[in-house]
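Notes to accompany the following structure.
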Amino acid sequence: MIRIDCPFCGLRDHSEFTYEGDATVQYPALDAPMEDWYEAVFLRENPRGPHREFWRHVGGCGSFLEVVRDTVTHEITEVKLAHPGMAAATGKAAAKTTEKATGGSE
Amino acid sequence: MSGFRLSRGGRIDRAKRLAFEWDGSQHYGYQGDTLASALLANGERILGRSFKYHRPRGVMSAGVEESGALVHLWRGARRIPNAKATQVELIQGLEAFGQNAWPNVRIDVGAVNSLMGRFFGAGFYYKTFMGVLGRQTWEWMFFEKIIRRAAGMGSASKEPDPDHYEIVNDHCDVAVIGSGPAGLAAAETAAQAGLDVVLIEQDFALGGSLLSNVADTVEGDTVEDWQAGRLAGLSSKGGRVWNRTTAFGLYDHGVVGCLERVTDHMVDPHHAIPRERMRILRARRVIMATGALERPIAFGDNDRPGVMLGHAVRTYAERFGVAAGRRIVYAACNDEAYDDAASVAEKGLEVTLLDPREVVPDHLAAMADEAGVRLLKGYVPVEAHGRRGVTGLMIGRHLGGGKARSEREIGCDTIAVSGGWNPAVHLLSHRGVRPVWSDRHLAFLPGDAGREPIHVAGSAAGVPDTEGAALSGRAVAEAALRALGKGGAKSRKAPAACPAGETQPIYEVRVKAPKLKSFVDPQNDVTADDVRLAEREGYVSVEHLKRYTTLGMSTDQGKIGNVIGMALMAEATGKTIPETGTTTFRPPYTPISMGAVAGTERGTHWRPTRRTPMHAAHEKLGGKFVDAGAWKRSWYYPKTGENLTTASMREARIVRDTVGMVDVSTLGKIQVQGPDAAEFLNRVYSNAFAKLPVGKARYGLMLRVDGVVFDDGTTWRLSETEFFMTTTTANAGPVMLHLANLLQTWWPDLRVHISSVSDHWGGVAVAGPKARDVLMDAFEGIDFADQAFPFMGVREGMLKVAGGGTVPARVARLSFSGERAWEVFCPADYCPAMWETLLRKVQAAGGVPYGLEALDILRVEKGHVTARELDGRTTATDCALGGMESKKKSYIGSVLKEREHLTRRDRPTLVGLRPVTEGEQMKAGSILCAQGEVVGDGLGWVSSIADSPVMGERIGLGFVRGGLTQWDGKTILAESPVDGKSVEVKVVSPHFFDPDGGRMHG
Ligand SMILES: [Zn+2]
């Protein structure tokens, strides 16, 4: 069970969140060419290691969060609100690192 | 009879004698016993029958690794199979039974399997029954049933579990797993530094290895005083101690899965107390002080009752005051066994110790001599004698590397085996940290935990001596403190992993002849020969070895056999053990009950039940409900003698004749507000919304980004900046998610706010030729005259409720039924009053309430689509809705809906279907085929059916390749391969009734 530090709600369990996909995808303009849409909708990287992705705090504030998660270890190194205006408003736009993930072992 | 109760000693309360039942006869034990220790004390030897060969088995260990004494507990609904007698706390009245045997474990007819041992070797099932014989699936299934009956474990009760369970969410700074010397020292150290500590112990007694090392001293204190001191230091700082609790798994981010056995040790627990409690513990740091597990040595018939692990024999003597036998042979290849043998000999038992070395270090020889242990140097165990229990041991001269020459039999009733110690690295393995082989320990040690918040202490970390373990516990606790920013104080360095003595690399003893049956994993009846057979057949990877032989698959999950199995595979392939592989352990560490996993989420608590605000009114009318997702939707309101079909047809007919009303509260409802709301909806819907006037509603069709239809519904413009959107019942959540995603991640610049108001508003649709009459005088401030309230108009006003007063309402003139109709929504709390008020008026006009079934009939008659048609595969054009889509704007899905495959002319498109022969009834889901071409997936499918009162027959909607253009008026077949039914149907327009819409506009 991974735990995500929501900028609104604090450190919460996996079960409160839903995964909402790759945050690195740039969706094109609505009238962009078919090729651009094809690429955005159907093509995905499958990285081993850090991955920038969206999680929605559906069992909490409802926010979409941009999370950097290691796909091998589940280590989370960054959490911020996906909406830039809301991120700025909460003053937590900068990279936020959870204590769990960085504690390190002796 | 061989085991007996020693006259003194043991951490049992001899003043508390407990009666219990074993296979129908009464026995006695003491408070503090396990079922295994009590059975041993009563001289019981055969406690189980093995998995495949039904060989007699007795107690093999004193803990979680038990592979012999697997028993049933209790009777009836509370029957528990595969309980390890070594872990069952003895209580007054306990009922225990042998399992996997008939009529009982002492006389077992199934033992004939052991005569067929050569047929039951590794991979036998697959090769024989799936290979030569089992070419047909039915053959495999036939044989499998027989095999499953012959080979097996215990059987669970088929009755519902009468107990209840709960799940508790918990938190702490440091979770310490294991209450031996390392765990106690670590827990106290962390608690004294001001941290919130939980000490977790699977046993009912605290102390771990200290329980069987009563004569030791720790940090200058006696064991008992030292243990009491650490616990006092822990509890004085508020530390929690959870005994009878297994930390069965370590998960991401410091989450520890714990299972607490709450009532199993209580004779008559209060019914309100859960039997077990799943504790999901979120720990900032985890300290594993999980100890080590002894492993045996494989030799001939090493599974006979009376063959036990060496340290277990000592544990029974010291902790339980029970002698496993009178004449005990220690067959060991490590120095630690000397201490165990000496301790057992000091209880007055006859002990012989076999050491494979010709030359033994002086201090060990002296220890044996002092304790009266007869030491046989240069010997190894070859074969246990005694079919129903050990009567002797053939010993052999050790020739090196486990090879031996049989020499003579020595008489004994117990063989105490010690092949070395495996640190219990399981929990770290759950985190994906691979264990590392140590040539000094001849065992896997925990690997580097990396960035996991986990520390390992004591014998789990390869520091087995008591003093070292305590120091190790303190040192890792200080490391945990530093990681939590509580460092600063001088901290100790953890002692390096160092074995307590030498271990000889002997995993199996072999002689030239005879051929021995040597068990590697006794619980699954896997022998040393099975491992070699697997190697010869190419299953050399440990993962393949496991699946081919079932080594390590049983309830002990390889705790006894994994390392030996790997050592034998390494030898067979000419590799080293680390080259052969490492073991991967997965949760749970020991079996957990399904009841605890479910907790309280069973029955109706599995998920919420959603009732509309008018649910009670439907019940009062005798309405029936149907489950739609979590919703209970009103389905039909039967009169005496009516069933679903006749009631729903009557309701539908009355709607067309006069008027009806239906609860539509389950529709998703979303409030869309903000200056850019119209622009937002214009991008989201495929039809135009930007210019929708205030006071008007519009049917909207939403596509997914890939161009397939997502959802439909109506959206009402309440003001310049406010819209009220409805979605289908099933898509209320997904649409909300979709819109939130777009606003938060795609178009954060749009000034739009959305709120789900599905639960805040309830609604009814009033439909039928007399709908206007019903509503005309019902509201203050709403005029229902045709010109004043045209089709798709939206009004807000006050509903005058029966009995006086008014309630706020939103009304739109919409029609799903094809009749003149309005949807009326009220805040949820006012809905019962709204229902009551409107129902009186409807009934006065000769109308009725109708349910989902009649609603479905009415919409099929009109060719209106629902989720049955919008099934995630169809485009708007497929559903004859293509004309609605705007060609002047771009919207979600507008680009990808033009993909080649989605625009092919031969896609199945929406049609109506009528039976050719009067009275014939097609089924929903039938495959539509051209006559004479009943092959493959045919031309399409039947998506919906309805027994239509206005058409006087069963009609259907479906999708056909080529659609109406190609098939209008032609006859095709609706094939139902499930029951072999075939119905001739004519393809017609999907708009069966009132195709020009005169009734709803009029
Ligand atoms: Zn949140």
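The values are calculated or read from the model by the stated rules, or taken from the named source; none is laboratory data. The structure displayed is predicted, hence computed values, not measured ones. Here the Cβ positions follow ideal geometry from the backbone for every residue, glycine too, while neighbour counts run over all protein chains shown.
A few remarks follow.
- Given (1) farther than 25 Å from residue B:689 by Cα; (2) buried (at least 20 other Cβ atoms within 10 Å of the Cβ), index of the condition residue B:780 fails: (2)
- Per-region count, the stretch B:787-811, residues in a loop (DSSP other than H, G, I, E, B), surrounded by 13 or more Cβ atoms within 10 Å (Cβ to Cβ) and over 51 Å from the mean Cα position of the chain (by Cα): 3
- Contact map, the stretch B:1-29: first residue of a type in the set (Val, Ile, Thr), second residue not in a strand (DSSP E or B), Cβ cut-off under 9 Å, separation 6 or more or different chains; pairs are B:12/B:32; B:12/B:33; B:12/B:37; B:12/B:319; B:12/B:320; B:12/B:321.
- In the stretch B:889-903, the residue that is surrounded by the most Cβ atoms within 10 Å (Cβ to Cβ) out of those that are at the interface with another protein chain (Cβ under 9 Å from one of its Cβ atoms) and part of a loop (DSSP other than H, G, I, E, B) is B:895.
- When residues of the stretch A:8-36 are limited to those that are in contact with a strand residue (DSSP E or B) (Cβ under 9 Å, 6 or more places away or on another chain) and in a loop (DSSP other than H, G, I, E, B), the one farthest from the ligand (Cβ to nearest atom): A:24
- Number of the condition not met by residue A:3 [criteria: (1) farther than 15 Å from residue A:80 by Cα; (2) away from the ligand (no atom under 12 Å from the Cβ)]: (1)
- The single condition among (1) at pLDDT below 95; (2) under 22 Å from residue B:214 (Cβ atoms); (3) part of a strand (DSSP E or B) that residue B:8 does not satisfy is (3).
- Being without any contact (Cβ under 8 Å) to a residue 60 or more places away in the chain and surrounded by fewer than 21 Cβ atoms within 10 Å (Cβ to Cβ) is not true of residue B:696.
- If you go through the stretch B:90-105 and pick out every residue that is touching a helix residue (DSSP H, G or I) at 6+ places or on another chain (Cβ under 8 Å) and at negative phi, you end up with 6.
- Test result for residue B:591, under 28 Å from the mean Cα position of the chain (by Cα) and outside any helix (DSSP H, G or I): yes
Residue-wise test of (1) closer than 20 Å to residue B:861 by Cα; (2) small (Gly, Ala, Ser).
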{"residue": "B:967", "(1), (2)": "yes, no"}
{"residue": "B:970", "(1), (2)": "yes, no"}
{"residue": "B:974", "(1), (2)": "yes, yes"}
{"residue": "B:979", "(1), (2)": "no, no"}
{"residue": "B:987", "(1), (2)": "yes, no"}
{"residue": "B:991", "(1), (2)": "yes, no"}
{"residue": "B:994", "(1), (2)": "yes, no"}
{"residue": "B:999", "(1), (2)": "yes, no"}
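- The numbered conditions (1) within 24 Å of residue B:391 (Cα to Cα); (2) over 31 Å from the mean Cα position of the chain (by Cα) are all true for residue B:67 except (2).
- Being assigned to a helix (DSSP H, G or I) and either buried (at least 21 other Cβ atoms within 10 Å of the Cβ) or touching a residue at least 24 places away in the same chain (Cβ under 8 Å) (or both) holds for only one residue in B:928, B:964, B:910, and it is B:964.
- Set B:869, B:861, B:853, B:920: member being closer than 30 Å to residue B:802 by Cβ and more than 14 Å from chain A (Cβ to nearest Cβ): B:853
- Top-ranked residue in the stretch B:506-544 [being among the β-branched types (Val, Ile, Thr) and closer than 29 Å to residue B:407 by Cα; ranked as surrounded by the fewest Cβ atoms within 10 Å (Cβ to Cβ)]: B:511
- Residues of the stretch A:46-65 that are of a type in the set (D, E, K, R) and within 13 Å of the ligand (Cβ to nearest atom): A:56 alone.
- Here residue A:42 does not fit the description of being crowded, with 16+ Cβ neighbours inside 10 Å and either more than 15 Å from the ligand (Cβ to nearest atom) or within 11 Å of the chain's Cα centre (by Cα) (or both).
- Residues that are outside any strand (DSSP E or B), farther than 22 Å from residue B:614 by Cβ and hydroxyl-bearing (Ser, Thr, Tyr) within the stretch B:711-739 comprise just one, B:721.
- Residues that are in contact with a Pro (Cβ under 7 Å, 6 or more places away or on another chain) and either under 20 Å from residue A:19 (Cα atoms) or not aliphatic (A, V, I, L, M) (or both) are absent from the stretch A:42-59 altogether.
- Candidate set: the stretch A:10-38, residues that are more than 9 Å from chain B (Cβ to nearest Cβ) and farther than 19 Å from residue B:741 by Cβ; chosen: the one surrounded by the most Cβ atoms within 10 Å (Cβ to Cβ): A:12
- Any hit, the stretch B:932-939, residues being within 14 Å of chain A (Cβ to nearest Cβ), under 30 Å from residue B:705 (Cα atoms) and either polar (S, T, N, Q) or in a loop (DSSP other than H, G, I, E, B) (or both): no
- Hey, residue B:742 assigned to a helix (DSSP H, G or I), within 14 Å of another protein chain (Cβ to nearest Cβ) and touching a residue at least 40 places away in the same chain (Cβ under 8 Å) or not: yes
- Filter pass, residue B:906 being under 25 Å from residue B:702 (Cα atoms), away from chain A (no Cβ under 14 Å) and of a type in the set (Asp, Glu): yes
- Residue check: residue B:59 meets all listed conditions (1) more than 23 Å from residue B:304 (Cβ to Cβ); (2) at pLDDT 95 or above but one, namely (1).
- Of all residues in the stretch B:243-278, exactly one satisfies the criterion of being buried (at least 22 other Cβ atoms within 10 Å of the Cβ), out of contact with any Ser or Thr (no Cβ under 9 Å at 6 or more places or on another chain) and more than 14 Å from every other protein chain (Cβ to nearest Cβ), namely B:245.
- Scanning the stretch B:444-480 for residues that are facing chain A (nearest Cβ under 10 Å) and in a helix (DSSP H, G or I) turns up B:475, B:476, B:478, B:479, B:480.
- Residues that are under 14 Å from residue B:297 (Cβ atoms) and of a type outside the set (Phe, Trp, Tyr) were ranked within the stretch B:379-393; the one that is surrounded by the fewest Cβ atoms within 10 Å (Cβ to Cβ) is B:383.
- The stretch A:39-94, subset in a helix (DSSP H, G or I) and not hydrophobic (A, V, I, L, M, F, W, C), residue farthest from the other protein chains (Cβ to nearest Cβ): A:39
- Condition check for residue B:404: under 44 Å from the mean Cα position of the chain (by Cα) and at pLDDT 95 or above: no
- Scoring residue A:83 on the criteria (1) away from the ligand (no atom under 14 Å from the Cβ); (2) at negative phi leaves a single failure, condition (1).
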